[in-house]
Amino acid sequence: MFQRKGKYRVYITCNTYRGMLLEAGRHPGNESIIQMPGIRIGNDFFFDMVSDSGINATYTPSMCEKDHVYADHLSTRLSEYYDFSNGKLTVSQVHRHPDGYLHFSPGDHPANIKLAQQFGGVVNGLIFIDPKFRIKFWYIDENGNETDAEYEINDKAVRAAMPRIDLYRLKETVERNEAARRAVKKAERRTIASAEDKGSIRTRLSNLFRGHSEEGKYMDNRTANALQPAAVSVETEPGKTETAEVTFVDSTAEKGTSEEAFMDFEKMQEALRPYTVLIPEEYRKQHYEGELWGYYHPETKTYNIVQDELYDARTDAKALGMAVRKEHTGREADDISGQFALSIVWNEEQAEIFVRDNSGAEINIDYYSTYQDVFSRNQGIVEQDRMAAKQAIISGTGSGGFKVGLELVRAGIGSLIVADNDILAYHNVCRHECGIHDVGRYKVDCFKERAADINPNCRVYTFRDLIQHVDPAELEELIWKDSIILCCADNRHCGYVCNELADKYGIPMIDAGCGPRASTGEVFWYKPHSGMACYTCAYGEDKGVDYTNQAMRRRFYATETELEKLHFQPGMYLDIQLTAIFEAKLAIDLLMENEKGYEAKLLPYINQCTVLLNYPMDQDVNPYMHLFGTEAERRPFTWKSGPAQKNGSCSYCGAEKPSSDIGCNTVA
């Protein structure tokens, strides 16, 4: 904090003054917000740069409220080219208001306070457009109090307070340092070319525990602050450094500042940008030791460490490094930093993290938990509730079934059984959650991978077959007590099969699909032993059509005469998703309806059969249109719901039959 002297002074250069005049005059009569990053020394403020954050064509007081974010960005960029060792980075906003404003407007006030809190007090000013082009500054403290501040145009004072960095000398330093680093890395790669596979890491960890690793160690010389007027260590060869002095020169000095120098300076700034390491909270609690797997994103310098449940399901997780406990190494924690790309050493409750080839950048640690916990500050992935004890059996992982399954995973469901014998093809991509890189894979395999990416703790069992062909004994072994069957196939025959399975295991079922060109959605639900109409009651007898024929299967989405039009239907996947989301919400209601405190979101408002109108179309193509009134009355995003009539002579449920219920497994 700076001690208040009671008097504040602002120094600007002729270029600053000229820039303010140009910015304010570009759009006469309109609001302008002029940003001026600079330096504060005591109660003196110096500015040598003008950057306009925008001209507002129509003045509104609230337009200023977010300008402090842009001002912060400009200040950060400015700090790359000036020496701030004698003062503190600050910023000023000069406001040119329309006629009539002789002080800050209500919209300026929040922005000014935010700037003052961020920079330890600032000076902000107003421009009065008159023949004298008057400028007035006020000092604003963290509480928003304003004090008059004097200003003067003084190039010499600003140059003395804000010496520019000699980019030419810095360029030479960076080039020597990078050349030495490349040479060391090249030699190192020869010895650790296979360091990323599991076997190599385990071998090196074993050597580390014995305290006599034969691996060569490379410790990058860290630079705490490359912008300070101090010596910078330059590595010429492993273990040796030479010192190159970085000097700062007056802005009037004639030095070469080529575009390459600026580019190299950007590289150094990038090297000093902090790393972020995301660690599972479970690893911290158990002081996890072993291999670290996950993903490294160089563009954000983020290490995303994931648990084995995820990298067992996915094929793209990479070996990142190793975690050990300090008491097991027998060595100083800092000695481990050269052994792996990423190293975590647990020192009691604290994690000491090292990144190999780190050039002095900070390392930010962020712990996350798989489940959200309202009593924890950790970030959660999925909701923590009783859904973890629920299961869904999904028949069909096409456009609708895939979407339904992922929504249940996001809702925190504990287990999913998915069955489908289909392989993703190119014509599926425009109407599916998967993409081109998945073409040629079984859809159920793609689903298991995507589900693990959302909630690694969800148990996903997959069958590359139709649900009716899955071994009953194997299926029975996997089904939990609190389950639901979801028929998401593209044919009616599957609905009859799922109805039988629902009765067999005593669990509810939902059948959902789309009408021609997905213009409507159709949802049917059923609970055994409830007196409800079965699937046969609602839709008639199963005609035993062979739906393994692709043409026959597609008739569920379009009649034969509509197939040609189906190929050109932009946005069809959006219409399919509407039905899928409806089914997913209904599934959650049915799974949770007996849980204390749960408020159903859909079940109280619908009957057993529901038809959704995704968008109106020709009634001759989709007969369901007649349910929604005349053509002029039909509106998208509406539905009609009604009861299904139980048929006393139904061949499936009409006659009294002995119960075929069997016991189901509880959650292991």
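Taking 19 Å as the limit for the C-alpha separation, the pairs LYS403/LYS443; LYS285/LYS326; LYS504/LYS527; LYS114/LYS156; LYS585/LYS640 exceed it in the case of LYS114/LYS156.
Computed with a 1.4 Å probe over protein heavy atoms only, the accessible area of TRP480 comes to about 10 Å². Taking label points 7 Å from Cα along the Cα-to-Cβ direction, ASP471 and GLU282 give a separation of 2.8 nm.
Highest-first packing order for the peptide set 401-410, 633-642, 317-326 is 401-410, 317-326, 633-642, based on the mean count of other beta carbon atoms within 10 Å.
Kindly report, to the nearest 10 Å², the accessible surface of ARG464 as traced by a 1.4 Å probe over protein heavy atoms only. That residue has around 140 Å² of solvent-accessible surface. Fully extending the segment from TYR605 to ALA157, taken as 0.36 nm per residue of separation minus the present Cα-Cα distance, adds 153.9 nm. The 3J(HN,Hα) values that the Karplus relation (6.51, -1.76, 1.60; θ = phi - 60°) gives for the stretch 494-500 are, in residue order, 5, x, 5, 4, 5, 4, 5 Hz. Gly and Pro appear as x. Heavy-atom accessible area for HIS427, with the other protein chains in place and a 1.4 Å probe, reaches approximately 110 Å². Residues THR520, THR630 ordered from highest to lowest accessible area at a 1.4 Å probe: THR630, THR520.
The values are calculated or read from the model by the stated rules, or taken from the named source; none is laboratory data. Quick caveat: nothing in here was measured; it's all calculated off a predicted structure. Counting neighbours? That spans all protein chains shown, and the Cβs are built from the backbone with ideal geometry, glycine included. Only protein heavy atoms, including side chains, enter the accessible area calculation; ligands, DNA and RNA are left aside. Shrake-Rupley method; radii C 1.70, N 1.55, O 1.52, S 1.80 Å.
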